[in-house]
Every structure is written in C-alpha cells, then in structure tokens.
Amino acid sequence: MSQDNERINLILSLFRQYHPFLNKATDEIEKSQLHNILSKVSADAFSERVFYDLCAEALPGTPLEDSTPIPLDSFLTGLFASSTAKALPQLPRQLSRTVSEVDEGGDVFRVRNVAGDLLLALTAKQARGLTVEAFRQQVKTAAGKEDCEIHLLVGSESVQDGSMLDSFAPENSDDVVEIMMLARPLPQLDPDLPKEQQLDVLSRMIACSHPPSQLDGVRELRQILSRERDPPIAQVLDAGFLPLVLPLGSSGNAALQFEVLWALTNIASGTTEQTRALADAGAIPVFVDALTSQSADVRDQAVWALGNVAGDSVEFRDIVLAAGALQSVVASIPPDLSQMSLTNLRNSCWTLSNFCRGAPQPAVEVLLPALSTLARVLAETNDDQALTDVCWALSYVSNGAWPHIQAVLDTGVLPRLTGLLGSPDPGVRTPALRTVGNLATGDEAQTQAVLDCGFLAVAPTLLADAKNSIRKEACWTMSNITAGSHAQIQRCIDEGVINILVSKARHVTEPPDILKEVAWALSNMVDGGSRDQVKFLAANEGLTACMQLGRSVNDQGKRVALSAFKGILQVEDDATNTEGSDPQMRLAEFQAFLHHMEGGLVDDDEGRQMVERCWELLQLIEQASQSEPAHTFAKSEPQEEHPDDYKVTLTLMAGRSVGFSHNDPLLVARPLAGTLLQEWNDSHPEVAAVDGDVLHAVGEIRGSAAVLKEALRTPSAAVERPASCREVVLTLRKTRAEML
C-alpha cells in the first residue's frame, strides 16, 4: 500500500501543479472533467459503470451529477484498491533505476508518457551540452505534441528552462534518470469573447512553458492595458498577474522582456495605489536592471516605466532615486546622442525631468549627474520635445535654495536658455523662461548672471508675447530683478522695461493675474530702489500706474499696489505737480483712489494701515503745496528715507518676500520682528505714534529667528546692522538659502 500512496501523492501533486480544473484548495474536480481525463488514459478500463462506482465509493450517499465535485484523494484510494487499477497501464517509478534492472543499457535519460510508453532515450554523450529548452523540443517532436505545452518531471521535481540537461544526470554513471512527460493543449483565446473577460486564459498562456504562447499572452495583456479609456488595471492586479509577469521582465528573450516592461509601464500609469502595488511587488529593480539590456527597445521601455513611477508622487520619486535609477538612466544615454533614437532621447529627458520634479526637492548632490547630462542635451539637440522636457527639468531644480540655483548656473546653460526664449515653440519658451525666472530669485550675483546673459534685451518681446502665460512669467521674472541692487534696477530703467510695465498698468492691458505681477515688479522697485529711481517712476506716471493696479487686481495685489503708491508718495517732492494736470484735481484723484482702497480692504488690517499712512502723506503733500517750498514734506526729512520704511519692510514680509518666487515666502520670526520694531521706535520717538499699529503686522509675520538675528541683530564686526530699508532687503536676500 505504501507504493500506492506514493503514486496517489504523485498524481495529486501533478494535478495541483498543472491541471486548470482542479480546485487546489479542496483537491476536488468536477465529475465530468475527471471522467474525460481518465477516458484518455484507458477507455476500456474506465467504462461508465466502473467510473460511476468509483465516484460513488468516493462520495457515498451523494447524488452524482456531471458538476459534482469529486475528492481526488478518495477517488484515487478507491481506484488503487480495486481491480480496475490492474487493467491500467503501469506507470514507471519516477526514481533512478540501474541498467541491470531494465536491461536497456547505455541510456542516461529516458522520457515516458503517463502511460509508460518510452518516447525518447539519450546517452550521456547525447545529453552533454544540451539545454533543457532544446531537450524539451526534442521530446515534443518525439511525442508528436508540437501544439501542446510540455512539462517534464524527474520524480516530483519539474525540469525548468534556463539550465543544462546534464545538471540532472545521476552521480552514478550506471543510473538512469526516468523523466515523465505531461502534455496538455495550449490555452487559446476565444476570438468571440472580449479579451478582458478571458484573463484566466491569459494567465495560463503566460504561465505555460511554450515560449510563443507565453509571448502571445503577454502581448495580449499589454494590449488590454494600453486601452486609452478605462484600461482594466485593477482587474489585472486582482487576477494576480504581477507574480506571473515580473520574473519575465528579466528574461533573456528581448521581445518577451519588451512586452512585459510595456505592460508594467501601463500599470504604472494608473492610480497611486496601483503604482504602489507595482513597487511592492519588486518592479523597480526589474526596471533598473533592464537599463543594461543590449536591446534599445527594452532600455527605452524601462526608462519610460521609471518615469511613470517617479511621476506619480514624491514618495515614489524618492524610491526610484534610492534604487539608483537616475545614475542608470544617465549611463544609458551615450556620449554621442546620434547613437540613440529620437524616441529614446525624448523618453530619457522626460524621465529625468520627473526625477527632478516635486517638493521637497532631492538633495542637489543627488541631481548633479542629471544636471550635467541635461546641459549636454540642451546644447546638442534642437528637438523641441526633448528641449521642452530638459527645460522643465532645469526649472524644477532651480526652483529652490541657493545651492540648487548655483548648481544650474554652474552647468553653463544660461546662455542657451536665454537663446531659447526666442524659440517659436511656446512649449519651449515657457519652461525656459520659468528657469531663467527661478535663477533671478537668487542672490545678487545670481540675478546679475541673468542680466549679463541679455535677458533684458528679450524681455520686451516676452512682455508682448501672444500667450498670457508667457507674459505673466516675464512680469514675474522682472519682479525678481527689480528686487535687486540699485545697479540692476537702473539697467531695467535704461533698457526701457520699466516703462513697458508702467504702460501695462496705466492702460490696464492685461488680465488681473498678470497685473498682479506688474504690481510686484513696481513695488519691489520702489522698496529697493534709490530715491532717484523712485522719482523716475513718479515722473513717468508711476502713481497713475499704481492707482490703476489697485483698482484692477485682487486683495493681495491691491495691498502690493498700495505699497508702491505709498512708497512713491514718500519720496516725491510734489506728487500733485504732474505736467499737464491741475494739482487740485490730481489731489482729488489720489483721495478718490484711497477711498476706493478703503472699501476694497475692509477686512485687511494691514492694508487699512497702509491706507491710513497714505492719507497722512497726502495731508503733508497738501500742506506743502500751500506753503513755501522750504517747508515741503520732502525737504523736512533729515534722512534718506522715511524712518517708517523699516516698519513697512517688515510688514511686507508677512505677505510676500521681496524678490522671491510666489511660493517661496521669506521667513521672519515674530519675537525678533517685534524686538527690532521696538528698538526702531525707541530710537525714533518722533514716529512712535504711527508705529503703534505695528503689533498686528508682527502677528502676521512668521519664520526663522536665528537667521534674522544673525543678519540684523548680532553686534559683531562681521555683521553690521543695516542702516536703511534697502540694505535690509539686500541682507535678507543674501541669507535666503539659509532661511529656506
């Protein structure tokens, strides 16, 4: 009986591994399916009567229908205990047998079917150097099973492809290895049914050992996942395809590997949770390893897959970077770009841009290998699609602290970027301009590099571009430049760009979002410019421009425009004395503007404080216009700028940093700001009254105390306390990298 048990266990093992109709959880199979199998073994031995009796014995007292599940172990036990088993062809023992036992000397490997028929025998010499794949094909030919999937078993061990046949040879040269061949028809898709309804068939095609069917199965899966509308990614994952497909991504078969990677790329284009399932299954190392393939198509598909994963979120971007994907993608780009296809180049640039994208940014050291490659591609290609992705990648890197900006500048790309601002393709112009604008948010030297590359020469064209987004980016870039030094502001004046901005504001020729950027550009110039530069703005309809801006933009923009208006009033000797206008009418115009701003800033305490300050200035101007020139407001100032400017500068920091990007707010500490303002009030008692409202502004200020303390308060020789509002702004810009 022990031999019967051995045979029962072997047959159960074979059913569990290879038979699609067996319920592997219960080892049960439908009665009709079992009868069909046994009839092929021996139709005579398994007559309807004999088969029914065996089933009835396995399931006593149970009505038997074709769909009745039969417990296979009970059925086999009854079979081997009955006389029916004696009529069956005897299965050979699946153990090594010596030549003396079988009297068929010389063979080392013998292959038999389940009926025990000898199909193929090989000597040691014939088996030497033979791969399992080639051996399987010989067996298939010998058995006449070209259209079947062939499984080879030594005992209960499956003979897998990818190894040599002689690795299964016996240690004793007199032994013979008996191999059982199992053949089953190859799974085929039903052409009359939708493929997504036949995922079970695809699963068997991919799992089979027949390479052409395996390739067809993966290709069909890829095509299903490539559907533009509602690809069945969730169904594919639920059906358990990842464990089947992933090992094939490392296959030596380039065609199969390509299809696998393509299918996985499509899964990575799904939801975050679907991408997570891919990463958790171990797909990312498969993608990285595929970058070393000899096949350009395989490498390109791996690049695309990594770009999809990294583009999903910062979390997956960092996982991909930690797997060494950036270095591998860079290494896959040859020194001579002509050696790679245009499609591969485009995909590589897009993937590198996704590696650089997202906040928080990767450390600049991680991105350095990509920067040098991006700079090389930028210099050597004229393909607009590749240039677009390279420029976006550079914009993502430069949208950061001083080290990131400097890393981009160090690649030497700025002249090429400036040249691309004239590209006829807006898809190239937009990211190129974004990158240049980001570089202008840096310190004074970094902003100067932008000017030295000729940005102001192309600025008028950009400010007149047909696309709103380009004009908005250009105005934003100018707002970063006008937050620079006096010399940099003067260049903006000399190149005529300030007059263009004033004209846009005066005539309200732009949408509100662009006018808000114009307001920032003028406000930054007023806040950081010299007295003469602010007076230039006043003489060129600057006050009119600010009033128009205040009426045309949203609440935050209103406050910015009002700040510029107030700043001009503070330095203008006679703001009402404009050529061609009546001073009283001009004064009435100012008053009407302030009434309008009061109505628009009802819930904005900071804005209302600025309006009150403007009313005080207008009162002084009105008094000065009725007095002798010696008593004008401007001549009564003993210092270069009104002392209240220091308070105004700190107040402005609550809303937006001067000269920095929109989503890059300057950080200022509430306690330190309060202390600085109190010290200022103590040293200027004559303006203490107007500074009484500063507590609200301090309440809006937040950030890093340590940096401001180092920059503004430390009484050391190395750090001098700034003497003017402009110096405060410049000092804060120099410490920007540390603040962020």
- State in Å² the accessible area per residue of the range 131-275; use a 1.4 Å probe, count heavy atoms of protein chains only, and round to the nearest integer. 47
- Query: Suppose every K and R has +1 on its Cβ and every D and E has -1 on its Cβ; what is the size of the dipole of the range 293-435 about the Cα centre, in Debye to the nearest 20?
  - Reply: 220
- Note on the structure: Amide H neighbours of E149 at under 5 Å, excluding residues fewer than 5 places away on the same chain, with H built from the backbone geometry, are R184, L186
- FRET efficiency for A457 and A539, using Cβ-Cβ distance with R0 set to 30 Å, rounded to 0.05: 0.75
- Gain in span if fully extended, V314 to E616, counting 0.36 nm per residue against the direct Cα distance: 103.7 nm
- Message: If I compute solvent accessible area with a 1.4 Å probe over the protein chains, what percent of it on the range 329-400 is carbon and sulfur?
- Response: 52
- Placing +1 on each Lys and Arg Cβ and -1 on each Asp and Glu Cβ in the range 162-276, then taking the dipole about the Cα centre, the residue among M181, S209, G240 whose Cα reaches farthest towards the positive end is G240
- Nitroxide proxy distance, nm - points 7 Å out along Cα→Cβ at R551 and E273: 5.4
- Overall form of the range 289-405 per C-alpha gyration tensor (a/c, 1.5; a/b vs b/c): oblate
- Item | Test item: Cα-centred dipole of the range 477-523, Lys/Arg +1 and Asp/Glu -1 on Cβ, debye | 100
- Query: To one decimal place, what orientation-averaged projected area in nm² is obtained for the convex hull of the Cα set of the range 411-545?
  - Reply: 7.3
- Rounded if a/c is under 1.5, else prolate if a/b beats b/c, else oblate: with a ≥ b ≥ c from the C-alpha gyration tensor eigenvalues square-rooted, which is the range 157-212? prolate
- Message: Restricting to Cα pairs below 8 Å that are 6+ residues apart, what does the relative contact order work out to for the range 151-215? Please round to a whole percent.
- Response: 27
- In percent, what relative contact order does the range 260-407 have, based on Cα pairs under 8 Å that are 6 or more apart in sequence? 20
- Item | Rounded to the nearest 20 debye, dipole of the range 168-221 from Cβ charges on Lys, Arg, Asp, Glu | 280
- Taking amide H positions as placed in the peptide plane 1.01 Å from N, state which residues far from L120 in sequence (5 or more) or on other chains have amide H under 5 Å from it. V111
- Message: Counting only protein heavy atoms and a 1.4 Å probe, tell me what percentage of the range 439-537's accessible area is made up of carbon and sulfur.
- Response: 52
- Over the range 317-399, average the accessible area per residue using a 1.4 Å probe and give it in Å², no decimals. 39
- Note on the structure: Taking the dipole of the range 332-385 about the Cα centre (Lys, Arg +1; Asp, Glu -1; charges at Cβ), the one of P360, L345, P334 that reaches farthest to the positive side is P360
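The values are calculated or read from the model by the stated rules, or taken from the named source; none is laboratory data. Predicted model, so just to flag it, every value in this text is computed and none were measured. Ideal geometry is used to build each Cβ from the backbone, glycine not excepted, and the neighbour counts take in all protein chains shown. Keep in mind that these areas ignore ligands, DNA and RNA; they rest on the heavy atoms of the full protein, side chains included. Shrake-Rupley method; radii C 1.70, N 1.55, O 1.52, S 1.80 Å.
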